[in-house]
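Presented below is the structure to which this report refers.
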Amino acid sequence: MATSQVTRYNNYIGGQWVEAGTGRTYSIYNPASKDTVLGEFQTSGVEDALKAVDAAQEALAGWAGTPAPIRAGVLFRAIEILRQRGDDIARTITLEEGKPLSDAQGEVKRAMNIMEYAAGEGRRMFGYTTPSELPDTVAYTVRRPLGVVAIITPWNFPIAIPAWKIAPALICGNTIVFKPASATPWSAVKLMEVFEEAGLPPGVMNMVTGPGASVGNALVESPLVKGISFTGSTEIGTGIYAQGAGLLKKVQCEMGGKNAVILLADADLDKALGGIIQGAFGSTGQRCTATSRVIVEEPIYDQFMEELIDRTSKLKIGDGLDPEVDVSPLASKSQFDIVMEYIGMGTEEGADLVYGGNSVTGGIYDQGYYIEPTIFTGVGLDMRIAQEEIFGPVLTVFKANDLQDAIQISNSVKFGLSSSVYTKDLTQAFEYINTVEAGMVHVNAPTLGGEVHLPFGGLKSSGVGHREQGTEAVAFFSEVITVYIDHAASARERARFI
Ligand code: UN1
C-alpha cells in the first residue's frame, strides 16, 4: 500500500487531536495480511506524555467536582455510541489484533457491560456511616478521586481492558492519560473518539501512543500522576510496581498467568474437552486467562488424550474475518517468534510434542503469523514450558495420581491468575476451591474471562495492588476519606475521642 493512502492518527490531548512533539510516527500491520498497513500512529516521547498529564491535571477540578451521577451520563452516551459502532470497532480489533470477529464482537459487548456497571456506580459509590463514641458527633466515609491516573494497557484486548480501567476511573472523578499498547493504537483511537463524542470535557481523558520506555515511564514518574493501572507482562508490571511504590503511588498490576485445568476422573469429559480446547486455543492462547496446562487424573488420561487430539485436529485455522475460523494468527511477528521459540524449547527440554508444533504455511497462511494448536505431554515440572507464560496456542498436559497431587502440580508455578476443576464431586470441588492458588477459580467451566461486576485478578506473580472490576475497581480508583462532625451546641468536657 502506498504511504499516501495510509491514514495518520494523532494523540488526543486536552480535547485536541495533535501530533507528537517528536515528529515521528510508526505504522501498524494486519497480522493476517502482514504487508497491509492499517494506519500510522504517533511515536510519542516524554514531552507528549507530560503535556497529557498537564491537560489531565487542568481538567481535574472540574471533573472531580461534577456529581458522579452526571459523570455517569457520559458513560451512558458512550455505551450508545459503542452500540452503533460495534461492528466497525470489532472489525478494527480483528484487523489489528487478529482475533476472530466473533471474539472481537464479544469484546465490544464486554466493554459496554463494564461501562454500564461503572455508570451505575455513579448512583452508588457507597461510603458508610457508623456511630461515633462521642455524643452529638457524626462519623462517615466518603470517596474522593485519586487525581490524574495513568492507564497502560496491552494489545490482546485493545477495547475491553482499556474500558474496564477507564470507566471506573472516570466515574470516580479521576482524569486520565491513556497509553495503549504500541501494537494496537487503532482500537484505542476509536475508543477515544467514542468518549470524545459522548461529551467528555477536554482534558478529562487524554491518549498518547508510543513506546512504553518513554511514554509509559514518564507517566509512572510524573509527580502529578497519583494512580497507575497496568495490564501486561509480569516483568514490566513488577518494574512499574516497584517504581510506583517508591513514589508512594497507588498501583495495580494485572500480569501473567499459567492457568491450569484439573480434570478429575469422574468429570463430564465432553464438557471438559470443550472448555479446555476453548481455553487453550481460543484467542490463539493470547489471553492471560488462557488454559496453558491440563492436569489429568490417571484413570482417564489415555481416553482424554485421544479425544483431545481428535478435537484439536478439527479446529479451523485462518483469518479472523472468516466466520468459520477457530484459531486465528498470532498478533504480531514478535509474538509468533516467541511462541515458536517456546515450542522448540519444549522439544529440546525433552517433552513429547504430540500434536502441532509447526507454523502454518502456503496460500493465505503465508500472509499471516499462523501456528498450529500445539500439545505437549511428558512435561517435567521444572521445564520452562511448564513454568513460563507462553501466550500462544500451546497446551502442556500432566498426569496426576489424585486431586492432592493435581493441586500440587497446579500450584507449582509462580503465577496464580485463574484455574479450573472439572468434577461432579462436591467434596473434591471444595477442597480444590479452598487450596488452589489462583485469584479466580472455576468449577466445570473454562479458565477464561470473568463477569464485569465481579473482581478480576490474580495471586503471586499474576497480580498486585488491587483487583480490577466490580466494586473493587471503585475502591482502587478512589481514596476513602473519613469525616467526623461535632454538632454539639457547646464545648465538651472531653473534647476529643481517644
Ligand atoms: C479475559 O481473558 O477474558 O491481558 C480477559 C489479559 C487479561 C484480561 C483477560 N488481563 O489477557
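The values are calculated or read from the model by the stated rules, or taken from the named source; none is laboratory data. Since this is a predicted model, take the numbers as computed values, not measurements. We place every Cβ from the backbone using ideal geometry, glycine too, and count neighbours over all the protein chains shown. Please note that ligands, DNA and RNA were not included when accessible areas were found on the heavy atoms of the full protein model with its side chains. Shrake-Rupley method; radii C 1.70, N 1.55, O 1.52, S 1.80 Å.
About its Cα centre, region 259-443 has a charge dipole of approximately 440 debye under the convention of +1 per Lys or Arg Cβ and -1 per Asp or Glu Cβ, with nothing else charged. Highest mean packing comes first when the peptides 141-153, 7-19 are listed by Cβ atoms within 10 Å, giving 141-153, 7-19. The Cα atoms of region 177-237 give a gyration tensor whose axes a ≥ b ≥ c have a/c of 1.5 or more with a/b no greater than b/c, which makes the shape oblate. Placing R0 at 56 angstrom, the Cβ-Cβ distance between Gln243 and Asp268 gives a FRET efficiency of 0.75 after rounding to 0.05. Restricting region 104-154 to GluC sites (Glu not before Pro) that sit in a DSSP loop and have at most 15 other Cβ atoms within 10 Å of their own Cβ leaves Glu133. In terms of the mean number of neighbouring beta-carbon atoms within 10 Å, the peptides 188-195, 341-348 order highest first as 188-195, 341-348.
Only DSSP H runs of four or more residues enter the estimate; each adds -39500 (n - 2.57), and after division by the residues of the chain the mean residue ellipticity at 222 nm equals -12000 deg cm²/dmol. Using only the C-alpha atoms, the convex hull of region 259-443 corresponds to 108 Å³ per residue. Need one number: the % of Cα-Cα pairs in region 2-147 sitting beyond the 25 Å mark. When all Cα pairs of region 2-147 are counted, 54 percent exceed 25 Å. Other residues whose C-beta falls under 14 angstrom from the C-beta of Gly23 contribute a net charge of -2, scoring Lys and Arg +1 and Asp and Glu -1.
Taking each residue as 0.36 nm, the span from Glu493 to Leu381 lengthens on full extension beyond its C-alpha to C-alpha distance by 33.5 nm. Take the alpha carbon gyration tensor of the chain, find the square roots of its eigenvalues, order them as a ≥ b ≥ c, and report rounded if a/c is under 1.5; if not, report prolate when a/b exceeds b/c, else oblate. Verdict is oblate for the chain.
Across region 330-342, computed HN-Hα scalar couplings (Karplus, 6.51 cos²θ - 1.76 cosθ + 1.60, θ = phi - 60°) run 5, 6, 7, 4, 5, 5, 4, 5, 4, 5, 4, 5, 5 Hz from first to last residue, x flagging Gly and Pro.
On the chain, 52 percent of the accessible area sits on carbon and sulfur atoms, based on a 1.4 Å probe.
Ligands, DNA and RNA are left out, and with a 1.4 angstrom probe the accessible area of the chain is 40 Å² per residue. The H on the amide N of Leu459, modeled in the peptide plane, is under 5 Å from the matching H of Gly416, Leu417, Gly439, each at least 5 residues off or on a different chain. Contact order, relative form, for the chain: 18 percent (alpha carbon pairs under 8 Å, 6 or more residues apart, mean separation divided by residue count). Taking only the C-alpha atoms of region 149-274, Rg followed by Dmax gives 17.4, 58 Å. Here the chain is treated with +1 on each Lys and Arg Cβ and -1 on each Asp and Glu Cβ, and its dipole about the Cα centre works out to around 1820 debye. Over all orientations, region 159-198 has a Cα convex hull whose mean projected area works out to 2.7 square nanometres.
Taking the Cα centre of each part, how many Å lie between region 238-279 and region 374-390? Answer, in whole Å: 16.
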